[in-house]
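Let me begin by presenting the structure, written as structure tokens, before commenting on it.
No value in this document is a laboratory result; all are computed from the given coordinates. Please read all numbers here as calculations on a predicted model, not as lab measurements.
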Amino acid sequence: MQIYPGFPPYTDTSGKGKVRIGKDCQPLTGTLRRRIMVETGETDPTASEIAGKPNLFLSASAMEQLREAARRDKAPAELLQMSDLDFLDTLGVIRNRKLTLAGLLLAGKEEAIHEHLPGYGWTHLRMQDDTQYTDRMDGREAIPLAIARVMDRIMADNPITTVEYGPFHFEYRTYPEIALREALMNAFCHEDFRISSPILVKQYPHKLEIGNPGGFIGGISPENILHHQPVARNPLLVDALARLRLVNRSNLGVSRMFQAMLIEGKEPPVIQEQGESVKVVFQGRCLSVPFRAFVAEESKRGKRLLVDHLLILQYLLHHPELDTTSASRVCQRSEPEAREILNEMEVEMEYLERGGTGRGTYWMLRPDLHRRLIADGHPERDRRIDWEAAKTRVLSVLKQRSERNEAGLSNSEIRQITHLDRHQVLRLMRELIDENPKVELIGRGRFARYRFNEGF
């Protein structure tokens, strides 16, 4: 049978279909068929037209908020000076003289949105713990109004840290405003409006979660979202917001979230896919004054720290070293790209030191930079286990187990002892075996154990 070029999926004569997902051929279920249609742009719920005159559905306050948000993000002046209908028509959300659902989401009245998009809405909870909340608010307003209201509620409980820098006093929020806006805009833009579930914002005492119905599409995952080509679930809505410069079609929103957190010495947001939903988690960490001052000083010297640089620096503040494989995972880059970044940070930027050779090459923070970036109140950053001390510790445990006739140590057990990762343990134990003939490896794979052989 010859399959001619065209648009998949294909079916056999009985109507059964399969589709290739990665290296596997999977049955073409209804859920998978719907996802393919979304990814290829064949279905866009926000492009549906609403019968009736467009001005009957428009909210004056939503239009004003939309214009203000566009003005703040420097949208074209000629666009902002148009009448409401011309403004929406230019954005492409009025078609055949009818308002689309995208236009309704941007500037519609609450009752009209509830009628035509019954599953749309948002909920903000102030959580006391995992099971109880102290305050709740729900809404169904147009997206610009909804984001403004949710932001007001979050910022009301977003503590400020004041930092003295020479004669100036700078104020930093626990959760940077730019990171919150990008996360909320992504949640509203990529919501699956066919799922009757609200955008859920949970604000805990020490973390903030923003979740939206609708899983990842187009091959995007938490492991590649930083650099993956953007894929829009609701193309018409996203295109209109892009024209207003409220969203970016180059996938810069996620990078901005990461950068806003990292330059303040905080952990990057954690992005999770849970079934048919996506959740972004911000940890409510304190500002690291030395790290923020370092980024500012480097910027004055003409060294602009990119997200990749910041991710590696933050990793090495919590881990003793980093190899190419781990850097590839941390930066969501290929190993050759990660190696280039590490070389740049070692040779040109002079932030790192290299150790080992060949496949065993690893990088560490320069001692002077490590001391400079350590902040009071962050004792975990001081726990840099010396390589030789780790060997001594492992050797001591192996000897104790040998004396008691107990089993040797597995890779995972050594990781717990040394706080190294799997690849670092392999390198550590290779060196220890070369240095001490009584240390040997028995077994393979998951059954591999290191032991101290007294009778050697």
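I need the shape label for the stretch 122-269. Rule: rounded when a/c is under 1.5, else prolate if a/b > b/c, else oblate, with a, b, c from the alpha carbon gyration tensor. Intermediate values should be presented prior to the final figure.
On the way: a/c = 1.74, a/b = 1.23, b/c = 1.41.
Verdict is oblate for the stretch 122-269.
For a straight C-alpha distance cut-off of 16 angstrom, the lysines reachable from LYS399 (same-chain residues fewer than eight places away being disregarded) are LYS391, LYS438. Rounded, prolate or oblate: pick one for the stretch 249-299, where a ≥ b ≥ c are the square roots of the eigenvalues of its C-alpha gyration tensor, a/c under 1.5 means rounded, and failing that, prolate if a/b is larger than b/c, else oblate. In terms of gyration-tensor shape, oblate. For the cross-link pairs LYS53/LYS109; LYS74/LYS279; LYS207/LYS279; LYS74/LYS300, the ones whose C-alpha atoms lie over 21 Å apart are LYS74/LYS279; LYS74/LYS300. Calculated on C-alpha atoms, the gyration radius of the stretch 290-422 divided by its Kirkwood radius gives an Rg/Rh of 1.04.
Backbone phi angles across the stretch 194-204, fed through the Karplus curve with coefficients 6.51, -1.76 and 1.60 (θ = phi - 60°), yield HN-Hα couplings of 7, 8, 7, 8, x, 6, 10, 10, 10, 10, 8 Hz in residue order; Gly and Pro are listed as x. Just want to confirm a number: the relative contact order over the stretch 304-382, from Cα pairs under 8 angstrom separated by 6+ residues, in percent. Reported relative contact order: 28 percent. Taking only the Cα atoms of the chain, the radius of gyration and Dmax are 27.0, 92 Å.
Where the centre of each part is set by its Cα atoms, how far does the stretch 290-305 sit from the stretch 382-451, in angstrom? Cα centroid to Cα centroid, the span is 39 Å.
Please work out whether the stretch 304-382 counts as rounded, prolate or oblate from its C-alpha gyration tensor, where a ≥ b ≥ c are the square roots of the eigenvalues and a/c under 1.5 means rounded, while otherwise a/b larger than b/c means prolate and anything else oblate? It is prolate, given that a/c is not under 1.5 and a/b is the larger ratio. For the chain, the longest principal axis of the alpha carbon atoms and the long axis of helix 30-39 meet at an angle near 80°.
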